[in-house]
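Asker: Got a structure here, written out as structure tokens. Questions coming.
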Amino acid sequence: MLVDRLAAVVLSPVRLLFFAGHFRYRSLVPSRSMTEKRPFERLPADVRPLNYGLCLRPDLVDFTFEGKLEATVEVTQPTSQIVMNCADIDIITASYVPEDNEEVHATGFNYQNEDEKVTLSFPSVLHSGPGTLKIDFVGELNDKMKGFYRSKYTTNYSEVRYAAVTQFEATDARRAFPCWDEPAIKATFDITLLVPKDKVALSNMNVIERKPYPEDANLVEVKFARSPVMSTYLLAFVVGEYDFVETKSSDGVIVRVYTPTGKSEQGRFALEVAAKTLPFYKEYFNVPYPLPKIDLIAIADFAAGAMENWGLVTYRETALLIDPKNSCSSSRQWVALVVGHELAHQWFGNLVTMEWWTHLWLNEGFASWIEYLCVDYCFPEYDIWTQFVSADYTRAQELDALDNSHPIEVDVGHPSEVDEIFDAISYSKGASVIRMLHDYTGDEDFRKGMHDYLIKFEHKNAATEDLWSCLEHASGKPIANVMNTWTKQMGFPLIHVEAEQNNDERILTLTQKKFCASGPYAGKEQPQWMVPISFCTSENPTVAKEQVLMDKPKLTVVLKDVQPDQWVKLNPGTVGFFRTQYSYAMLEGLLPAIRDLSLPPVDRLSLQNDLFSLARAGMTSTVEVLKVMEAFVNEPNYTVWSDLSCNLGILSTLLANTDYYEELQVFIRDLFSPIGQKLGWDPKPGEGHLDALLRGLVLGKLGKAGHKATIEESRRRFKEHVDGKQILPADLRSPVYVTVLKHGDNITLDTMLKLHKLADMQEERNRIERVLGAIAAPELIQKVLTFALSEEVRPQDTVSVIGGVAGGSKQGRRAAWKFVKDNWEELFNRYQGGFLISRLIKLSVDGFANDKMAAEIKTFFDSHPAPSAERTIHQCCENILLNSLWLKRDAEPVHQYLQQRTATTVKV
Ligand code: BES
Ligand code: ZN
């Protein structure tokens, strides 16, 4: 099931989580209580930085760095101590020079390791006023992909080398230099890097001076222009070997894409997207990009998918590099989305920054919404908004229906709590409620409000309510009242609807109740939302006939001029963040519109998706959903298929616990065969992006489900590929690889590992890594797991190899979980408890479906705590219990249905 998602979209780590989260049901696990919060205090305000003069000298042989900080500060209250953030750094000397007075040396450096702070003590009181804080320090260029770290790469001559790079968000600038590492403490930066003279040195700003370093003839001193005031988490440095391609955007910004040496052409695609995107945002916000240059750079070892450092955006190689021949369509789309996302942050996040991490969702939710707007502008042929619903909207609803979800706005303190909120709620629910808001205000007022917000808070910080008040002002609508119901409470409503006909009027009765993955909400106080709801009819399925703001539990809506034979649908475009439960009669009326395609794709998709979740929640039967799925046999749309395919993947994982698994595979083969037949293996003239995605999806699905002709053709093409006779086009590689592996043996696996070794692009290596888990034999599964931790796999990609094993088969899931337990120390240490550890846990355990496993997982993590993954662990245990209930409830009726249908249909 993991592979289903992965075949469709090349995923970044954050997104991986959204595409992989699956199962739901009532939680028997107590929710986390607020008392578990770790003690935390923000930095005192008695000393504030104005400008950091920072010189760093990384040593790429010893993996250390030396640093010199000269920070202009303002003492606002007399004190004899300065408290700053500092972690994994040794301070050698520290002193304070008051303006017009003598230097005072600090007499003590008291490290509070747990709090990641240091207190510098001075022998006398530092008086109010300006001064300079000087600190000499040393640190390690670590291999943990955070702070100032080393990234390993191999040259064209197979020589292993290292680059020095940074990743500071959320709280790791403190690992590179002592600083006030909070988003609201902004200052300017004068950066100097001392680097080997043959290396590229980059930072947020343009180089203003590059000269020999007198003390060492092998080094040069590279000085960068002063930055605008900015938060520490947005600072970046890179020292290494890179090539680049360059252009100037129509609004005069110099754009470069840095690539590994010899691969600069792979930067072209991202360069074009970036050069189009900058003027697009300038125009959209009516605010120019504030820096003279922007660099986008591919970093070999990189934990996140990409990071929006101001003027120097860092990316995983797979989120930036495109090779015209060897990259698949989904990679192109992914690169476009990531570039669109990170460039949006240059305004929304960098120019105006959240006041505290509680408002992180605003940054990430907004960027995750506008990246689609930007890609829709650059590539209208991607039909990207339909993909939004399948990728973000439904993902968010899956997670948010759990008792262990959380409100979008959440109090956070300790760094581990900050790591925890880079999740589908901040990203995908955030993006979904912004999309709903944009629809509610209309584009014109929305843009006006955004512009006012960016101008009012530029170079400053803002909170969620600041954006609401700007939008309220621009639109004259009660934005804060409406939005608070979506961001301050977790969950979302299920709108139940019944209809009556009265002459030419359709009278609709709506009720709203919290939607829970475990069935009807059982709490005492029913949460309520202010829900913008629109309606359409068969007369004009794409245009809202009526719009209301539902601000109470029950509402009657009268639609005029609706004939008895017309259907009515809620939420055309699937913009409102709710699920809909139609009365039986209304649903019956809608089904023919799926079959004859008169319902638009996004609405076909969400109708099916709502029913599927209602079935999991026990509010309708899974058999009913299977019947509805059969109505999709004529479906032409990629995204609709992709959502169906994902849901069938979830069901397959569930039924893998029964003897009826094979019956479901027959169902899948029957459903996917006609479209597979129609598409064939080779692109036809005039086909586009979405046809390529659809072909890959369908062939992969058929192959995994055991469709004989697909397996045979996959084997044939794979052999030709391996023999070098006919190289597989990039779009066919994932489906062919997964098919031959699923039905393959040790020779297939070895061949695949050989291809992995020979691969020149990280995209190809990742493609292979993610499907290896499809292999069935237990000893081969072990081989894949061992490979996951080997030198062959980049540290950030180990997670998807293990996840692929867990998602590959039932045996694979057991083996992956055992492997995680057996190698816990190494894995935990590798990711230092960051967000990758949450992802690993989720991918490894989420598909289990029995109560014992939930208990086992809980016990394991009680004795092996992973603070940044606490909530994820609760969510996983909840999901497992829900799966178990679902299985008990629906497995038998599903079996009956499938058996009876298999007996009456011709097998493929
Ligand atoms: N600001 C994040 C990067 C980040 C993520 C830093 C987690 C620290 C922890 C960046 O803007 C981002 O959201 N990156 C995404 C890609 C995006 C297109 C969804 C990612 O890394 O997956
Ligand atoms: Zn982001």
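Asker: Give the order of L312, L219, L126 when sorted by the count of other beta carbons within 10 angstrom, beginning with the fewest.
Answerer: Ascending number of Cβ neighbours within 10 Å: L219, L126, L312.
Asker: Can you compute 3J(HN,Hα) from phi for each residue in region 73-90, using the Karplus curve 6.51 cos²θ - 1.76 cosθ + 1.60 with θ = phi - 60°, rounded to whole Hz and x for Gly and Pro?
Answerer: For region 73-90, the Karplus curve yields 10, 10, 8, 9, 9, x, 7, 10, 9, 10, 9, 9, 7, 6, 8, 6, 10, 9 Hz.
Asker: Still on this model: Report the paramagnetic label zone for K888: residues of region 837-861 whose backbone N is under 17 Å from a point 7 Å from Cα along the Cα-to-Cβ axis.
Answerer: Once the point is set 7 Å along Cα→Cβ of K888, 848-856 turn out to lie under 17 Å by backbone N, inside region 837-861.
Asker: Pull up the DSSP beta bridges for region 280-414 and report the antiparallel fraction as a percent, rounded to 5.
Answerer: Beta bridges within region 280-414, antiparallel portion: roughly 25 percent.
Asker: PRE reach from Q782 (point 7 Å along Cα→Cβ): which of region 745-766 fall under 20 Å by backbone N?
Answerer: Within reach of a label on Q782: 745-751, 753.
Asker: Report the gain in length on full extension from K325 to E215: 0.36 nm times residue separation, minus Cα-Cα distance, nm rounded to one decimal.
Answerer: Fully extending the segment from K325 to E215 adds 34.9 nm.
Asker: Sticking with this structure for a sec: If neighbour count is taken as other Cβ atoms inside 10 Å, put F861, F492 in order from fewest to most.
Answerer: The fewest-first ordering by Cβ neighbours comes to F861, F492.
Asker: So, in Å, what gap is there between the alpha-carbon centers of region 376-453 and region 851-878?
Answerer: Centre-to-centre distance over Cα atoms comes out at 27 Å.
Asker: On to the next question. Using only DSSP helix segments of four residues or longer, with each worth -39500 (n - 2.57), what per-residue ellipticity at 222 nm results for the chain after dividing by its residue count and rounding to 500? Kindly include the intermediate steps, with their values, before the conclusion.
Answerer: Numbers: 29 runs with 377 residues, N = 908.
Result for the chain: -13000 deg cm²/dmol, rounded to the nearest 500.
Asker: For each pair in K144/K704; K818/K858; K282/K488; K552/K627; K429/K852, compute the distance between the two Cα atoms and list the pairs where it is over 25 Å.
Answerer: Violating the 25 Å Cα-Cα cut-off are K144/K704; K282/K488; K552/K627; K429/K852.
Asker: Positive end of the dipole of the chain, charges at C-beta (+1 Lys, Arg; -1 Asp, Glu), about the Cα centre: which of M490, V287, V845 has its Cα farthest in that direction?
Answerer: Result: V845, furthest along the dipole toward the positive end.
Asker: Continuing with the same structure: Once you charge only the Cβ atoms, +1 for Lys and Arg and -1 for Asp and Glu, what is the size of the charge dipole of the chain about its Cα centre, to the nearest 20 debye? Each step should come with its number before you reach the end.
Answerer: On the way: 96 positive and 121 negative charges, 458 e Å.
So the dipole magnitude of the chain works out to roughly 2200 debye.
Asker: Now for a different question. Suppose each label sits 7 Å from its Cα in the direction of the beta carbon; what would the T247-Q501 distance come out to in nanometres?
Answerer: The two pseudo-label positions are separated by 5.6 nm.
Asker: Given a Förster radius of 25 Å and the C-beta distance between E720 and D760 as r, what FRET efficiency does 1/(1 + (r/R0)^6) yield to the nearest 0.05?
Answerer: 0.80
Asker: Would you mind ranking V222, V805 so that the residue whose beta carbon has the fewest other beta carbons within 10 Å leads the list? Show your work: numbers first, answer last.
Answerer: Values: V222 24, V805 30.
Neighbour counts put them in this order, fewest first: V222, V805.
Asker: May I ask you to list the lysines whose Cα is less than 18 Å away from that of K757, ignoring any residue fewer than eight positions away on the same chain?
Answerer: Here the lysines satisfying the reach criterion relative to K757 are K152, K719, K783.
Asker: Relative contact order for the chain: what percent, with Cα pairs under 8 Å and sequence separation of 6 or more?
Answerer: Normalised by residue count, the contact order of the chain is 12 percent.
Asker: To continue, here is another question. What length, rounded to one decimal in nm, is gained on full extension from D143 through to Y584, with 0.36 nm per residue of separation minus their alpha-carbon distance?
Answerer: Working it through step by step, the gained length comes to 153.0 nm.
Asker: Would you kindly state how much longer the chain becomes between E712 and I208 on full extension, computed as 0.36 nm times their sequence separation minus their alpha carbon distance, in nm to one decimal?
Answerer: This chain segment gains 175.4 nm when fully extended.
Asker: Assuming R0 = 35 Å, can you tell me the calculated FRET efficiency for the pair L50 and D411, based on Cβ-Cβ distance, to the nearest 0.05?
Answerer: 0.75
Asker: Continuing with this model, one more query. With label points built 7 Å along Cα→Cβ from the Cα atoms of D551 and Q526, find their separation and express it in nm.
Answerer: The modelled label-to-label distance comes out at 1.9 nm.
Asker: At R0 = 56 Å, how high is the FRET efficiency between N110 and D750 if r is their beta carbon distance? Nearest 0.05 is fine.
Answerer: The calculated FRET efficiency here is 0.50.
Asker: In debye, nearest 20, what is the charge dipole magnitude of region 454-561 about its Cα centre with +1 on Lys and Arg Cβ and -1 on Asp and Glu Cβ, if you could check? Please report the intermediate quantities before stating the final value.
Answerer: Working: 12 positive and 13 negative charges, 86 e Å.
Result for region 454-561 is approximately 420 debye, rounded to the nearest 20.
No value in this document is a laboratory result; all are computed from the given coordinates. Since we're looking at a predicted model, the values are computed, not measured. Note: ideal-geometry Cβ built from the backbone for every residue, glycine included; neighbour counts use all protein chains shown.
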